[in-house]
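For reference, the structure discussed in these notes is given below.
The values are calculated or read from the model by the stated rules, or taken from the named source; none is laboratory data. Since the model is a prediction, treat every value here as computed from it, not as a measurement. Here Cβ is always computed from backbone atoms with ideal geometry, including for glycine, and neighbour counts include all displayed protein chains. Only protein heavy atoms, including side chains, enter the accessible area calculation; ligands, DNA and RNA are left aside. Shrake-Rupley method; radii C 1.70, N 1.55, O 1.52, S 1.80 Å.
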Amino acid sequence: MHSEVIEVESTKDGEPVQAIYEHPWVVRFSHWVNAVALFVLVGSGLQIFRAFPSFGAKIPQKDLLNWPKAFAIGGWLGGALQWHLTFMWIYIATGLVYIGYEIFSGNYRQVLFVPRDIRGVWPMARHYFFFGPKPPATEVYNPLQKLAYSSAIVLGALSVLTGIVVWKPVQFSWLAWLMGGFHLARIWHFLVMWAIVFFLLGHLVMVVVHGWNNFMSMLTGWKTNPTPR
Amino acid sequence: MDERKFKKMNRRELLKVAPALALGAFAIPKLREPLLKKGLDFSDWASGALFRPGHRAPTFSASDLTPFEKFPINDYDVDDPGVIFDNWSLTVSGAVQKPGDYKMSDIQVLPKTRQNTRHVCVEGWDVIGRFGGTQLSEFLKMVGADPTARFVTVECADDYYESLDMATAMHPQTLLCYEMYDQPLTREHGAPVRLTVPTKIGYKQAKYLTDLKVSHVLERVGYWEDQGYSWFYGL
């Protein structure tokens, strides 16, 4: 994705508008399918958690948080498990398609957070959160974006790995051992879910901040009036 | 590029993402159930494929055991279906050479296995318990079960029922359990005999057994499975 900028002549005033192709089809498709899967997995996961809303012993049981049913998917434990065990495959498949595509196309280079990006994180965070000056954009994604997107991929992988242990602590006993056993894996799975939700909230805020053209680029691939670089 | 051409290109690109809308099928009540059933069946198929007959569930030391009084009692109906122990026997039928009623003493002549294993409930809690009994594989050998049969189905005194795939039934840690914590099984925990299957989720490990059938075809799946839970649910 080498983001060539094209000029689109407006039929109205003849002023050319710039447009840039940012997201190839595979990325857009896997993004949206994965987004739906993530939504279902969080919702059904919360319903599953309602069956035993604790991480301690069953006896005496102390509920950690009784999640309101309105935020849950599946209606009951068995129903929620059906949703979870169905959409986990969709989630894994789209994750693998995305990662495979990024590696195969070489696009990962523009989004993967690497050590040389570290020094750019603070200036960007200062700009976003503390009204600091905007650092000059030198790449498609700024260091903070790279950090966020790369973390999301790591969290996605962790959600799958911890989920595998919760589902199959015997067949994957070595993985369970690495995570400190089944009991802890259930806690990791829960915490990773919240970390993903936290990323998602930040992601949605940024989508709103960056406006319509940016949003549309995740649907059509094309972004009009891109920020000049 | 002129604007019309650009807009057309955008629409084409948008259409390419449209297949994602197929997920909307899950929002249609009529389609939802069969689709989720497919997902559950696929997960069960994957579970079966991932199951390794020789791979043992982790075992634990005595210090890891959950105290007996903190081992939860879960049942779908009653804690004690009132089995009369003196009259009790396990009725064996189906694809076996020696069908009939097997008394506790017939089971206890077989070698006893004791193991500290994790019991995982579908609700999310887990405990480590000490279980003693005879390997189901030994019992199946004794009754002359057809080695090509595919399922073992059990019926229980509380009308619960369950079934196991043959690979799991033959697993060395799958027990006809009659002891917990080196004491005879108590009524709430499934006396006189229950299944202990450390490679399966808790609800597969039926209590208060009365009947055992070896079969080539699965006739009775399981109480919770019939409510919509996974059949294989291997850990």
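Within the group B:Ala62, B:Ala18, B:Ala25, which residue is more than 23 Å from the chain's Cα centre (by Cα), more than 8 Å from every other protein chain (Cβ to nearest Cβ) and surrounded by fewer than 11 Cβ atoms within 10 Å (Cβ to Cβ)? Give the steps one after another, and end with the answer.
Values: B:Ala18 fails: surrounded by fewer than 11 Cβ atoms within 10 Å (Cβ to Cβ); B:Ala25 fails: surrounded by fewer than 11 Cβ atoms within 10 Å (Cβ to Cβ).
The unique qualifying residue is B:Ala62.
May I ask you to list pairs of residues, at least six apart or on different chains, whose Cβ atoms are under 6 Å apart, with the first in region B:29-42 being more than 13 Å from B:Tyr229 (Cα to Cα) and the second being surrounded by fewer than 16 Cβ atoms within 10 Å (Cβ to Cβ)?
B:Leu31/B:Ala25
Hey, could you check region A:162-188 for residues that are part of a helix (DSSP H, G or I) and aromatic (Phe, Trp, Tyr) and say which is least open to solvent (accessible area, probe 1.4 Å)? Spell out the reasoning first.
Here is the first cut: in region A:162-188, the ones part of a helix (DSSP H, G or I) are A:162-167, A:173-178, A:182-188.
Imposing the further condition that a residue be aromatic (Phe, Trp, Tyr) reduces the set to A:167, A:174, A:177, A:182, A:188.
Values: A:Trp167: 32, A:Trp174: 149, A:Trp177: 195, A:Phe182: 7, A:Trp188: 105 Å².
Among residues in region A:162-188 that are part of a helix (DSSP H, G or I) and aromatic (Phe, Trp, Tyr), the one least open to solvent (accessible area, probe 1.4 Å) is A:Phe182.
Report, by residue number, each residue of region B:180-189 that is closer than 17 Å to B:Asn74 by Cα and of a type outside the set (Val, Ile, Thr).
Here is the first cut: in region B:180-189, the residues closer than 17 Å to B:Asn74 by Cα are B:180, B:185-189.
Result: B:Met180, B:Leu185, B:Arg187, B:Glu188, B:His189.
So, in region A:52-76, of the ones that are within 8 Å of another protein chain (Cβ to nearest Cβ) and touching a Pro at 6+ places or on another chain (Cβ under 7 Å), which residue ends up most open to solvent (accessible area, probe 1.4 Å)?
Among those that are within 8 Å of another protein chain (Cβ to nearest Cβ) and touching a Pro at 6+ places or on another chain (Cβ under 7 Å), it is A:Ile59.
Among the residues in region B:166-173, are any modelled with pLDDT under 95 and touching a strand residue (DSSP E or B) at 6+ places or on another chain (Cβ under 6 Å)? Step through it out loud before you land on a result.
Taking region B:166-173 as the starting set, the residues that turn out to be modelled with pLDDT under 95 are none.
No, region B:166-173 contains no residue that is modelled with pLDDT under 95 and touching a strand residue (DSSP E or B) at 6+ places or on another chain (Cβ under 6 Å).
Provide a single number: the residues in region B:105-124 that are open to solvent by 50 Å² or more (accessible area, probe 1.4 Å) and either within 19 Å of B:Asp146 (Cβ to Cβ) or outside any strand (DSSP E or B) (or both).
The number of residues fulfilling the criteria is 6.
Do we have A:Phe49 as more than 8 Å from chain B (Cβ to nearest Cβ) and more than 22 Å from A:Gly95 (Cα to Cα) here?
No, not satisfied.
Which residue, of A:Tyr91, A:Tyr98, is modelled with pLDDT of 90 or more, open to solvent by 40 Å² or more (accessible area, probe 1.4 Å) and more than 10 Å from chain B (Cβ to nearest Cβ)? Give the steps one after another, and end with the answer.
Details: A:Tyr91 fails: open to solvent by 40 Å² or more (accessible area, probe 1.4 Å).
A:Tyr98 is the lone residue from the list that is modelled with pLDDT of 90 or more, open to solvent by 40 Å² or more (accessible area, probe 1.4 Å) and more than 10 Å from chain B (Cβ to nearest Cβ).
Tally the residues that are among the aliphatic types (A, V, I, L, M) and within 12 Å of the chain's Cα centre (by Cα), restricting the search to region A:172-211. If you could, list the steps in order and put the result at the bottom.
Step one: of region A:172-211, the residues among the aliphatic types (A, V, I, L, M) are A:175-176, A:178-179, A:184-185, A:187, A:191-193, A:195-197, A:200-201, A:204-209.
Okay, now just the ones that are also within 12 Å of the chain's Cα centre (by Cα), so A:192-193, A:195-197, A:200-201, A:204.
Residues that pass the stated criteria total 8.
For region A:153-161, does any single residue satisfy the condition of being part of a helix (DSSP H, G or I), open to solvent by 50 Å² or more (accessible area, probe 1.4 Å) and among the hydroxyl-bearing types (Ser, Thr, Tyr)?
Within region A:153-161, none of the residues are part of a helix (DSSP H, G or I), open to solvent by 50 Å² or more (accessible area, probe 1.4 Å) and among the hydroxyl-bearing types (Ser, Thr, Tyr).
Among the candidates A:Val33, A:Val5, single out the residue that is within 30 Å of B:Met9 (Cβ to Cβ), open to solvent by 20 Å² or more (accessible area, probe 1.4 Å) and touching a residue at least 12 places away in the same chain (Cβ under 8 Å). Walk me through how you get there before you give the answer.
On the way: A:Val33 fails: open to solvent by 20 Å² or more (accessible area, probe 1.4 Å).
Exactly one of A:Val33, A:Val5 is within 30 Å of B:Met9 (Cβ to Cβ), open to solvent by 20 Å² or more (accessible area, probe 1.4 Å) and touching a residue at least 12 places away in the same chain (Cβ under 8 Å), namely A:Val5.
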